[in-house]
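The values are calculated or read from the model by the stated rules, or taken from the named source; none is laboratory data. The model shown is predicted, which means the values in this text are computed figures rather than measured ones. Cβ atoms come from the backbone with ideal geometry, glycine included; neighbour counts cover every protein chain shown. Surface accessibility is based on the protein's heavy atoms, side chains included, excluding ligands, DNA and RNA. Shrake-Rupley method; radii C 1.70, N 1.55, O 1.52, S 1.80 Å.
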Amino acid sequence: MDVGVEVGVFSEAHHLSLVREAELVLDRFERALRRIGATHILLTGLPLPRRPVSRLILRIVWPDLRNGGHLIDVANGDPLLAGCLAARRPFAVRNGRVVAGATGGPPKADGPLSSDLIAAAGGSTAELIAVPIHELRPYQGCVVIAGNDLPAGPSVMAGLEHLCVTAFRRLIEGGRVDLARPGDLSERERHVLQLTAIGKTAAEIADVLTISQRTVHAHLQNASDKMNASN
(Lines give C-alpha, C1' and ligand atoms only; values in the text may rest on other atoms or scores of the structure.)
Protein backbone atom coordinates (compact mmCIF):
# COMPACT_ATOMS: atom_id res chain seq x y z
CA MET A 1 0.00 0.00 0.00
CA ASP A 2 2.76 2.45 0.97
CA VAL A 3 4.53 2.08 -2.40
CA GLY A 4 1.37 2.95 -4.32
CA VAL A 5 0.65 5.88 -2.04
CA GLU A 6 4.23 7.12 -2.36
CA VAL A 7 4.11 7.07 -6.17
CA GLY A 8 0.72 8.78 -6.14
CA VAL A 9 1.88 11.52 -3.77
CA PHE A 10 4.99 12.36 -5.81
CA SER A 11 2.93 12.35 -9.01
CA GLU A 12 0.39 14.69 -7.42
CA ALA A 13 3.19 17.03 -6.33
CA HIS A 14 4.33 17.28 -9.95
CA HIS A 15 0.83 18.11 -11.19
CA LEU A 16 0.35 20.58 -8.34
CA SER A 17 3.52 22.43 -9.31
CA LEU A 18 1.90 23.25 -12.66
CA VAL A 19 -1.24 24.85 -11.17
CA ARG A 20 -1.13 28.64 -11.19
CA GLU A 21 -4.30 29.80 -9.44
CA ALA A 22 -3.96 29.75 -5.64
CA GLU A 23 -7.50 28.58 -4.85
CA LEU A 24 -7.12 25.73 -7.33
CA VAL A 25 -3.87 24.78 -5.60
CA LEU A 26 -5.73 24.60 -2.28
CA ASP A 27 -8.57 22.57 -3.78
CA ARG A 28 -6.28 20.09 -5.51
CA PHE A 29 -4.07 19.81 -2.45
CA GLU A 30 -7.09 19.04 -0.25
CA ARG A 31 -8.29 16.34 -2.66
CA ALA A 32 -4.82 14.76 -2.67
CA LEU A 33 -4.80 14.62 1.13
CA ARG A 34 -8.27 13.09 1.17
CA ARG A 35 -7.15 10.38 -1.25
CA ILE A 36 -4.57 9.14 1.25
CA GLY A 37 -7.22 8.91 3.95
CA ALA A 38 -7.40 12.35 5.57
CA THR A 39 -10.77 13.17 7.12
CA HIS A 40 -9.43 16.22 8.99
CA ILE A 41 -7.17 18.79 7.30
CA LEU A 42 -5.44 21.93 8.59
CA LEU A 43 -3.18 24.11 6.44
CA THR A 44 -1.79 27.06 8.34
CA GLY A 45 1.08 29.37 9.02
CA LEU A 46 2.74 29.09 12.42
CA PRO A 47 2.39 32.11 14.72
CA LEU A 48 5.00 33.55 16.99
CA PRO A 49 4.55 32.53 20.66
CA ARG A 50 1.31 33.81 22.20
CA ARG A 51 0.21 35.36 18.90
CA PRO A 52 -3.07 34.62 17.08
CA VAL A 53 -3.18 31.79 14.57
CA SER A 54 -6.61 32.55 13.08
CA ARG A 55 -5.44 34.93 10.34
CA LEU A 56 -2.73 32.48 9.25
CA ILE A 57 -5.08 29.57 8.53
CA LEU A 58 -5.30 28.84 4.80
CA ARG A 59 -7.79 26.00 4.97
CA ILE A 60 -9.36 24.03 7.79
CA VAL A 61 -11.64 21.04 7.53
CA TRP A 62 -11.59 19.78 11.11
CA PRO A 63 -14.98 18.49 12.29
CA ASP A 64 -15.15 18.12 16.07
CA LEU A 65 -16.27 14.54 16.67
CA ARG A 66 -17.16 15.44 20.26
CA ASN A 67 -20.04 17.73 19.34
CA GLY A 68 -21.64 16.50 16.16
CA GLY A 69 -18.99 17.55 13.67
CA HIS A 70 -18.90 21.32 14.04
CA LEU A 71 -15.66 22.88 12.84
CA ILE A 72 -13.17 23.56 15.60
CA ASP A 73 -11.51 26.86 16.47
CA VAL A 74 -7.75 26.37 16.62
CA ALA A 75 -6.18 27.54 19.88
CA ASN A 76 -3.09 29.74 19.54
CA GLY A 77 -1.06 27.60 21.93
CA ASP A 78 -2.18 24.15 20.77
CA PRO A 79 0.68 21.72 21.57
CA LEU A 80 0.41 20.18 18.12
CA LEU A 81 1.27 23.54 16.51
CA ALA A 82 4.04 24.04 19.07
CA GLY A 83 5.36 20.63 18.05
CA CYS A 84 5.41 21.75 14.41
CA LEU A 85 7.46 24.79 15.40
CA ALA A 86 9.97 22.56 17.19
CA ALA A 87 10.12 19.80 14.57
CA ARG A 88 12.01 19.82 11.30
CA ARG A 89 10.55 16.67 9.74
CA PRO A 90 7.06 15.13 9.51
CA PHE A 91 5.90 13.14 12.52
CA ALA A 92 2.97 10.89 13.35
CA VAL A 93 0.74 10.99 16.42
CA ARG A 94 -1.06 7.93 17.74
CA ASN A 95 -2.82 7.44 21.06
CA GLY A 96 -2.30 11.15 21.62
CA ARG A 97 1.49 10.76 21.59
CA VAL A 98 4.24 11.46 19.08
CA VAL A 99 5.19 8.08 17.63
CA ALA A 100 8.46 6.79 19.05
CA GLY A 101 11.30 7.07 16.59
CA ALA A 102 9.76 9.91 14.60
CA THR A 103 13.08 11.29 13.34
CA GLY A 104 13.17 15.05 13.40
CA GLY A 105 9.87 15.25 15.25
CA PRO A 106 9.20 17.38 18.32
CA PRO A 107 10.61 16.42 21.72
CA LYS A 108 8.73 13.49 23.23
CA ALA A 109 6.28 14.42 25.98
CA ASP A 110 5.90 12.35 29.15
CA GLY A 111 2.17 11.91 28.52
CA PRO A 112 -0.40 12.42 25.76
CA LEU A 113 -0.43 15.84 24.13
CA SER A 114 -3.22 18.00 25.53
CA SER A 115 -4.17 19.11 22.02
CA ASP A 116 -7.72 20.15 21.23
CA LEU A 117 -7.05 19.24 17.60
CA ILE A 118 -6.26 15.67 18.62
CA ALA A 119 -9.28 15.50 20.94
CA ALA A 120 -11.62 16.78 18.23
CA ALA A 121 -10.32 14.20 15.72
CA GLY A 122 -11.01 11.28 18.02
CA GLY A 123 -8.64 11.59 20.98
CA SER A 124 -6.77 8.39 21.76
CA THR A 125 -8.21 6.69 18.66
CA ALA A 126 -7.09 9.44 16.29
CA GLU A 127 -4.21 8.96 13.87
CA LEU A 128 -2.48 12.16 12.80
CA ILE A 129 0.42 13.23 10.63
CA ALA A 130 1.97 16.67 11.03
CA VAL A 131 4.25 18.15 8.36
CA PRO A 132 6.21 21.26 9.44
CA ILE A 133 7.10 23.71 6.64
CA HIS A 134 10.37 25.49 7.46
CA GLU A 135 12.41 25.42 4.27
CA LEU A 136 10.49 28.28 2.57
CA ARG A 137 12.06 30.99 4.72
CA PRO A 138 10.96 33.32 6.15
CA TYR A 139 7.62 31.48 6.03
CA GLN A 140 6.86 28.87 8.67
CA GLY A 141 3.76 26.75 8.38
CA CYS A 142 2.44 23.24 8.74
CA VAL A 143 0.00 20.71 7.38
CA VAL A 144 -1.83 18.53 9.90
CA ILE A 145 -4.10 15.69 8.82
CA ALA A 146 -6.06 13.07 10.73
CA GLY A 147 -7.83 9.92 9.58
CA ASN A 148 -8.67 6.37 10.53
CA ASP A 149 -6.04 4.63 8.41
CA LEU A 150 -3.29 7.02 7.38
CA PRO A 151 -0.21 5.45 5.79
CA ALA A 152 2.87 6.60 7.68
CA GLY A 153 5.86 4.63 6.36
CA PRO A 154 9.15 6.54 5.84
CA SER A 155 8.75 6.70 2.05
CA VAL A 156 5.16 7.95 2.33
CA MET A 157 6.18 10.59 4.89
CA ALA A 158 8.93 11.78 2.52
CA GLY A 159 6.48 11.98 -0.35
CA LEU A 160 3.93 13.81 1.77
CA GLU A 161 6.55 16.33 2.86
CA HIS A 162 7.45 16.96 -0.79
CA LEU A 163 3.78 17.42 -1.67
CA CYS A 164 3.21 19.88 1.19
CA VAL A 165 6.29 21.95 0.38
CA THR A 166 5.28 22.04 -3.30
CA ALA A 167 1.78 23.26 -2.38
CA PHE A 168 3.04 25.99 -0.06
CA ARG A 169 5.65 27.11 -2.58
CA ARG A 170 2.91 27.53 -5.18
CA LEU A 171 0.72 29.41 -2.68
CA ILE A 172 3.59 31.78 -1.84
CA GLU A 173 4.39 32.34 -5.52
CA GLY A 174 0.70 32.99 -6.18
CA GLY A 175 0.49 35.62 -3.45
CA ARG A 176 -1.99 33.59 -1.38
CA VAL A 177 0.33 33.38 1.61
CA ASP A 178 1.35 36.40 3.66
CA LEU A 179 4.99 35.96 4.62
CA ALA A 180 4.61 38.34 7.58
CA ARG A 181 3.69 36.71 10.87
CA PRO A 182 1.44 38.46 13.44
CA GLY A 183 3.73 40.09 15.97
CA ASP A 184 6.82 39.84 13.78
CA LEU A 185 9.43 42.57 14.13
CA SER A 186 9.29 45.46 11.70
CA GLU A 187 12.36 46.23 9.60
CA ARG A 188 13.16 49.28 11.75
CA GLU A 189 12.72 47.36 15.03
CA ARG A 190 15.02 44.64 13.74
CA HIS A 191 17.62 47.24 12.68
CA VAL A 192 17.55 48.92 16.11
CA LEU A 193 17.99 45.53 17.80
CA GLN A 194 20.93 44.68 15.55
CA LEU A 195 22.66 47.94 16.44
CA THR A 196 21.92 47.38 20.13
CA ALA A 197 23.38 43.88 19.91
CA ILE A 198 26.73 45.22 18.71
CA GLY A 199 26.90 47.67 21.61
CA LYS A 200 25.53 50.90 20.14
CA THR A 201 23.93 53.27 22.64
CA ALA A 202 20.50 54.84 22.09
CA ALA A 203 22.19 58.13 21.22
CA GLU A 204 24.47 56.47 18.67
CA ILE A 205 21.55 54.58 17.12
CA ALA A 206 19.56 57.80 16.91
CA ASP A 207 22.45 59.43 15.01
CA VAL A 208 22.88 56.48 12.63
CA LEU A 209 19.17 56.24 11.80
CA THR A 210 18.45 59.98 12.01
CA ILE A 211 15.69 59.53 14.57
CA SER A 212 15.20 60.71 18.14
CA GLN A 213 16.38 58.75 21.16
CA ARG A 214 12.73 58.56 22.24
CA THR A 215 11.93 56.77 18.98
CA VAL A 216 14.85 54.39 19.55
CA HIS A 217 13.48 53.49 22.98
CA ALA A 218 9.98 53.08 21.50
CA HIS A 219 11.30 50.61 18.92
CA LEU A 220 13.13 48.67 21.63
CA GLN A 221 10.01 48.59 23.81
CA ASN A 222 7.86 47.37 20.90
CA ALA A 223 10.40 44.67 20.06
CA SER A 224 10.56 43.63 23.70
CA ASP A 225 6.77 43.32 23.88
CA LYS A 226 6.59 41.27 20.68
CA MET A 227 9.33 38.91 21.83
CA ASN A 228 7.94 38.70 25.38
CA ALA A 229 11.42 39.64 26.59
CA SER A 230 12.04 40.56 30.22
CA ASN A 231 14.61 43.24 29.37
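So the values come out like this:
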| read-out | value |
| --- | --- |
| Accessible area expressed per residue, the chain, with surrounding protein chains retained (probe 1.4 Å, Å²) | 50 Å² |
| Accessible area of the chain belonging to carbon and sulfur atoms, whole % at 1.4 Å probe | 52 percent |
| Backbone HN-Hα couplings from phi across the stretch 19-25 [Karplus 6.51/-1.76/1.60, Hz, Gly and Pro as x] | 7, 9, 7, 4, 5, 5, 4 |
| Placed amide H near residue 133: partners under 5 Å, 5+ positions off or other chain | 141, 142, 143 |
| Residue 59 long-range amide H proximity, modeled H, under 5 Å | 43 |
| Answer label for volume of the Cα convex hull per residue in Å³ (calculated), chosen among (i) 146; (ii) 117; (iii) 131 | (i) |
| Spin-label pair residue 35/residue 137, simplified geometry with 7 Å Cα→Cβ offset, distance in nm | 3.4 nm |
| Amide proton proximity set for residue 127, modelled H, under 5 Å, gap of 5+ | 147 |
| Exposure rule at most 14 other beta-carbon atoms within 10 Å, DSSP loop GluC sites (Glu not before Pro): the chain longest free segment | 22-134 |
